[in-house]
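In what follows, a single structure is set out as structure tokens and then discussed.
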Amino acid sequence: MKKERNELMEEIVSLSKRRGFIYQGSEIYGGLAGTWDYGPYGVALKNNITSLWWKRFVDDRDDMYGVDAAILMHQNVWKASGHVGGFADPLVTDVKTNKRYRADHLLEEMGVDPKGMTLDKMTEVIREKKIKSPEGNDVSDVRQFNMMFKTHVGALEDDASISYLRPETAQGLFVNFKNIIDTFHPKLPFGLAQIGKAFRNEIAPRDFIFRVRELEQMEIEYFVRPTDWKGTFEHFLAQQKEFLTKDLGLNTSKIHVVDIPEADRAHYSKHSVDHEFDFPFGQKELLGLAYRTDFDLKQHTEHSGTDLSYYDEETKERFIPHCIEPTFGVGRLMLAVISDAYTVDELGGEKRTYLKFAPSVAPVKVAVFPLLKNKPQLIDKAQEVFKMLRKEIKGVVFDDNGNIGKRYRRQDEIGTPFCVTIDFDTVEKPEAEVTIRHRDTGEQERVKISDLLTYIKTKIG
Ligand code: ATP
């Protein structure tokens, strides 16, 4: 089973590279672990995912405020948030090679569930089961390791100039709470939303883009009256599911809603529920939802000396709102979408590999082909159709490379739902028609050029 899963991941990584979705970061220098670069189709897929998210959670609502905060923040932000003291993973050191490994991962690999274990308990189990490092050596006791990338701002490298690459986008929202209140005077409940990079010095980046050191998050901090947290939590839990299934088209049976026990919750959370997904390497966290209470606003009030309370005009009360945080990892969503779409089947007696993307996320929605590449009348008409579609639809390409069979295979591999071919009938008949070929079934149908735009728009939603 494990081998099959690994083989599937290898095929996904290889297709992602071959077709211009995702490349290893700094590849010509041998790569930099935990970093990945997105090529043209990777960028298009990512933009589709982030746009769908922004539409559902920001543009289609009246209670959400978009923010794009700086990645570098004052060092006291991270003291207040608890990250300087506590943003750490449990690690062991190989006593011979000095390499570090995630203790919870070593336990999982031995079939032990580390959820809820203290550091001492993990050490005890590692000793009891005589668990070794992947190199076969004994390991140290389990210790915490801070995952923030440290840097210095300005020319002086002293303690006062220390800053960190943000390990989450969330704090950029909390520190702008007062700005939004002062500028827009929103009434509770309301939320702040942001998409941006975050950095975590993961000791064991792995599973392609699942666990990386430079990641992108989409986060919301949604502020409520303390008594309203539960209903809001349920609301966002349902919204997260809808985003995964309706917007991204993920297979419902691969999605699992998991309550996080107290011992595994982040220090700020009173209640956490994750959406996990069946990745090729197992069921793992895709995104999260946490009830952060008034922890962050209180901490920032204390550390900054700026009052981050809210005055409720209705009840004439002043208080610190409570906060619900839906958080999404863009890379993990991309991997879920790619691995869910990865399909191998037979078409016309031939084996083929294709990405069965929902049209909403497909990087290319329509490919337009002239049947033959050396017939100017076909090329001209195909260009005309291509330009007409491109004006109205994002993700339309023109392809006249190789024969039609090759073009279909190429478009199948990047998950293009529709291929439109212009043939001699198209240019000769008065009621011009094109052939539309459907990716999943290979079926073809004739559609009038005058109906084409509406036809495709209806199909891609
Ligand atoms: P994990 O337990 O897998 O390390 P986490 O619980 O630390 O994840 P959060 O702090 O809740 O993750 O981060 C919010 C989201 O950001 C996660 O649900 C995930 O989608 C994404 N994420 C977190 N760490 C990484 C990473 N190293 N690589 C890619 N995505 C990540």
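Miscellaneous remarks
- Sole residue being more than 23 Å from W53 (Cβ to Cβ), within 16 Å of the ligand (Cβ to nearest atom) and either outside the structural domain of G66 (by TED's automatic domain parsing) or not hydroxyl-bearing (S, T, Y) (or both), chosen from I181, I209, I203: I203
- Meets criteria (within 11 Å of the ligand (Cβ to nearest atom), not in a strand (DSSP E or B) and not basic (K, R)) for A290: no
- Checking each residue in the range 363-403 for being touching a strand residue (DSSP E or B) at 6+ places or on another chain (Cβ under 8 Å) and closer than 30 Å to A336 by Cβ picks out V364, K365, V366, A367, V368, L389, R390, I393, G395, V396, V397, D399.
- Of the residues making up the range 146-202, those that are open to solvent by 70 Å² or more (accessible area, probe 1.4 Å) and either more than 19 Å from M64 (Cβ to Cβ) or touching a helix residue (DSSP H, G or I) at 6+ places or on another chain (Cβ under 8 Å) (or both) number 8.
- Residue match in the range 388-403 (condition: part of a helix (DSSP H, G or I), open to solvent by less than 20 Å² (accessible area, probe 1.4 Å) and away from the ligand (no atom under 16 Å from the Cβ)): yes
- Listed by position, the strands (runs of 3 or more DSSP E) enclosed by the range 300-341 that each have at least 3 residues that are within 14 Å of the ligand (Cβ to nearest atom) and open to solvent by less than 10 Å² (accessible area, probe 1.4 Å) are 322-329.
- The range 279-294 residues that are open to solvent by less than 20 Å² (accessible area, probe 1.4 Å), paired with ones that are of a type in the set (S, T, Y) and modelled with pLDDT of 95 or more (beta carbon under 7 Å, 6 or more apart): F279/S339; P280/S339; L287/T327; G288/S272; G288/T327; L289/S272; A290/S272
- Residue ID - nearest to the ligand (Cβ to nearest atom), chosen from residues in the range 222-251 that are open to solvent by less than 40 Å² (accessible area, probe 1.4 Å) and of a type in the set (S, T, Y): Y222
- The range 1-53, subset without any contact (Cβ under 8 Å) to a residue 12 or more places away in the chain and of a type in the set (S, T, Y), residue nearest to Q283 (Cα to Cα): S14
- For the range 365-398, the tally of residues that are within 21 Å of G20 (Cβ to Cβ) and in contact with a helix residue (DSSP H, G or I) (Cβ under 7 Å, 6 or more places away or on another chain) stands at 9.
- Criterion: touching a strand residue (DSSP E or B) at 6+ places or on another chain (Cβ under 9 Å), surrounded by 14 or more Cβ atoms within 10 Å (Cβ to Cβ) and without any contact (Cβ under 8 Å) to a residue 24 or more places away in the chain - qualifying residue of E276, E219, E214: E276
- Residue satisfying condition, being touching a Pro at 6+ places or on another chain (Cβ under 6 Å), open to solvent by 50 Å² or more (accessible area, probe 1.4 Å) and closer than 22 Å to A204 by Cα, within set L8, L32: L8
- Taken as a whole, the structure places D380 among residues that are over 30 Å from V13 (Cα atoms), open to solvent by 50 Å² or more (accessible area, probe 1.4 Å) and not small (G, A, S).
- T353 part of a strand (DSSP E or B), open to solvent by 10 Å² or more (accessible area, probe 1.4 Å) and assigned by TED's automatic domain parsing to the domain that holds K284: no
The values are calculated or read from the model by the stated rules, or taken from the named source; none is laboratory data. The model shown is predicted, which means the values in this text are computed figures rather than measured ones. Because the Cβ atoms are built from the backbone with ideal geometry, glycine has one as well, and the counts that use them run over all protein chains shown. For accessibility, only protein heavy atoms count, side chains too; no ligands or nucleic acids. Shrake-Rupley method; radii C 1.70, N 1.55, O 1.52, S 1.80 Å.
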